[in-house]
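One structure is given here, and the rest of the page talks about it.
The values are calculated or read from the model by the stated rules, or taken from the named source; none is laboratory data. None of the values given here were measured: they were computed from a predicted structure. Heads up, the Cβs are rebuilt from the backbone with ideal geometry, glycines too, and the neighbour counts pull from every protein chain shown. Side chains are part of the model used for accessible areas, which takes the heavy atoms of the whole protein and leaves out ligands, DNA and RNA. Shrake-Rupley method; radii C 1.70, N 1.55, O 1.52, S 1.80 Å.
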Amino acid sequence: MNLVEVEFTLNGERQKVIVPPRTTLLEVIREHLGLTGTKKGCGKGECGACTVLLDGEAVLACLTLISQAEGHAVTTIEGLAKGEQLDPLQEAFIEEGAIQCGYCTPGMILSAKALLRKNPSPTQEEIKTAIAGNLCRCTGYVKIIKAVQKAGRRSAEVAAHD
Amino acid sequence: MVNDFRLVRPKTLPEALGLLDEFGQEIEPVAGGTDLLVKLEDGRIRPSQVMDLSALNELKQIRLVGEDLHLGALVTHTAVLESPLTRTEAPLLVMGCRTVGSTQIRNMGTLGGNLATASPAGDSIPALVALEAKVVLASKKGERTLPVEDFLVGPGKTERRREELIKEIILPCAREGEKGFYNKLGQRNALAISIANVAVWVRLGERKNTLSRVRIAFGALAPTVKRGRMVEDALTDRELDEASLKGITQLAWKEVAPITDIRASAQYRRDMAIALLYQSLYHILFLS
Ligand SMILES: Cc1cc2nc3c(=O)[nH]c(=O)nc-3n(C[C@H](O)[C@H](O)[C@H](O)COP(=O)(O)OP(=O)(O)OC[C@H]3O[C@@H](n4cnc5c(N)ncnc54)[C@H](O)[C@@H]3O)c2cc1C
Ligand code: FES
Ligand code: FES
């Protein structure tokens, strides 16, 4: 059988998978490792539902061959909460009503996470740029943008207290 | 469904070139994968082997070498936007890369992949052509260097031989008195393929409102990104005002050979070539 072995970390845990080389990171996350928070929308780079973090940067799992994850740290939506404690972005999305059907939400939150890591107090324009690759058919984006701004402010406060 | 290819994962450039020397006819390299995975997924290509370039860190560098900037083929669009070197030395390229796809596409997609894909609408290419950048192709037998303009042969067609990899892109650093502008027309601001675009690079003349050198590259307006040499000559070393600029930029319609497709008609593209060029030069001369 034609298989590749790939080692990477997923949400902080080491993983080793042995799969056909054509397998995408999205298929590995959802079908081999059973984490279904990461969604498949279009499968060709246009909707952002499959967004995950690769070493902290937002990438599309549907266009990533599994071998390209070798040695890297992958974060999915399941990796954000610390135990029962939700990430500030998750809390802000709930409080602002930035979720309706929820299909875009994991990808949206991870794009926002990558943004806040580099830029804790983004402008509205910067938020729009960061999530321009994440389509939402429900919310109209306004509440999403508000939630990201709120989470940015809250993370800054938490950091100031630490 | 993606076909069942074999995967090769070289750790160094010499190892990659050795593999291509032996199996080049069958191997499809993959860098960011943003073009290739789409083609694999819909079955447009069915390679028997794929070579994952992601471990070749030597192709991810941005370096200053004398008066030139060397950008490795695996430099991503995001790296171009974020590197202090490109921001000061290659602002026109930064403007082009900023308009590619979305944040995720820019984080994954590379300069080498954008060039190798050779789409007439590729957004880093007009800047490279206007800057007279060169592309370095490496094979086991050695390296050769071509102007980017000559590297591009047609839609999806380049001078790359199957045993070669794009190693790096070399462009001259920006100097005092030089300015650039990239103007893209898409259907919307993000995730939009260019309907038409133009990159303009100039050196300001000693007299006010003159340009001592001009280079123009049109994208999505011909089978490859194309220089506009007639307009360049007409703009050089003469005093420009709004009226003369308007007159000269009309020449652009003779330089382009657009097609009609789902995004726009040929006639509309021609009109937009003129408008985008006029806007760009107006911005450079009178607004900045
Ligand atoms: C949703 C979406 C939106 C997009 N929007 C834009 C846009 O706005 N503007 C734009 O210009 N592009 C756009 N693209 C296209 C693509 O993202 C870019 O062309 C990108 O730069 C390709 O780089 P890559 O590294 O992902 O290429 P890959 O997919 O890895 O490779 C593309 C081709 O280049 C070859 N190749 C790659 N690297 C090398 C090398 N070093 N040597 C030899 N051959 C090589 C591969 O074999 C393959 O044939 C978009 C793509 C998607 C999916
Ligand atoms: S599923 Fe990956 S971008 Fe749509
Ligand atoms: S909440 Fe339904 S797609 Fe965004």
Looking at (1) hydroxyl-bearing (S, T, Y); (2) within 14 Å of chain B (Cβ to nearest Cβ); (3) more than 16 Å from ligand 1 (Cβ to nearest atom), find the lone condition where A:T105 falls short. (2)
Conditions (1) within 16 Å of ligand 3 (Cβ to nearest atom); (2) within 24 Å of A:L3 (Cα to Cα); (3) open to solvent by less than 10 Å² (accessible area, probe 1.4 Å): number failed by A:I66: (1)
Which listed residue, of A:L54, A:L115, A:L33, is away from ligand 1 (no atom under 16 Å from the Cβ) and closer than 25 Å to A:S155 by Cβ: A:L115
Where a residue in the range A:94-118 is farther than 19 Å from A:V52 by Cβ and its partner, wherever it lies, is more than 14 Å from ligand 3 (Cβ to nearest atom) and small (G, A, S), with Cβ under 8 Å and at least six apart: A:A98/A:A92
Whether any residue in the range B:77-86 is facing chain A (nearest Cβ under 9 Å) and either open to solvent by less than 30 Å² (accessible area, probe 1.4 Å) or hydroxyl-bearing (S, T, Y) (or both) is what I want to check. yes
Just the residues that are away from ligand 3 (no atom under 16 Å from the Cβ), closer than 17 Å to A:T51 by Cβ and more than 12 Å from chain B (Cβ to nearest Cβ), please, taken from the range A:123-152. A:A151
With respect to A:Q100, is the statement that it is among the polar types (S, T, N, Q) and either in a strand (DSSP E or B) or over 27 Å from B:N189 (Cα atoms) (or both) true? no
Exception for A:A132 within (1) in contact (Cβ under 8 Å) with a residue 40 or more places away in the chain; (2) within 14 Å of ligand 1 (Cβ to nearest atom); (3) open to solvent by 10 Å² or more (accessible area, probe 1.4 Å) falls at (1)
Take the range B:7-25 and flag every residue that is surrounded by fewer than 16 Cβ atoms within 10 Å (Cβ to Cβ) and either of a type outside the set (V, I, T) or within 12 Å of chain A (Cβ to nearest Cβ) (or both). B:K11, B:P14, B:E15, B:G18, B:D21, B:E22, B:Q25
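This table checks each residue for (1) open to solvent by 10 Å² or more (accessible area, probe 1.4 Å); (2) within 16 Å of ligand 1 (Cβ to nearest atom); (3) over 20 Å from B:V30 (Cα atoms).
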| residue | (1), (2), (3) |
| --- | --- |
| A:V19 | no, no, no |
| A:G37 | yes, no, yes |
| A:G41 | yes, yes, yes |
| A:A49 | no, yes, yes |
| A:L60 | no, yes, no |
Out of all the residues in the range B:162-176, is one or more more than 12 Å from ligand 1 (Cβ to nearest atom) and crowded, with 24+ Cβ neighbours inside 10 Å? no
Where in the range A:1-91 are the strands (runs of 3 or more DSSP E), entirely inside, with at least 3 residues that are within 11 Å of chain B (Cβ to nearest Cβ) and within 13 Å of ligand 2 (Cβ to nearest atom)? A:57-60
Test: residue in the range B:45-54 that is of a type outside the set (D, E) and more than 12 Å from chain A (Cβ to nearest Cβ): yes
Filtering the range A:100-144 down to residues that are under 15 Å from A:P88 (Cα atoms) and of a type in the set (A, V, I, L, M, F, W, C), which residue is farthest from ligand 2 (Cβ to nearest atom)? A:L116
Which condition does B:E132 not pass, out of (1) free of Cβ contacts under 8 Å to residues at least 60 places away in the same chain; (2) away from ligand 1 (no atom under 13 Å from the Cβ), if it passes all the others? (1)
Which residues, counting only those in the range B:67-76, are over 19 Å from B:A118 (Cβ atoms) and open to solvent by 10 Å² or more (accessible area, probe 1.4 Å)? B:E67, B:D68, B:H70
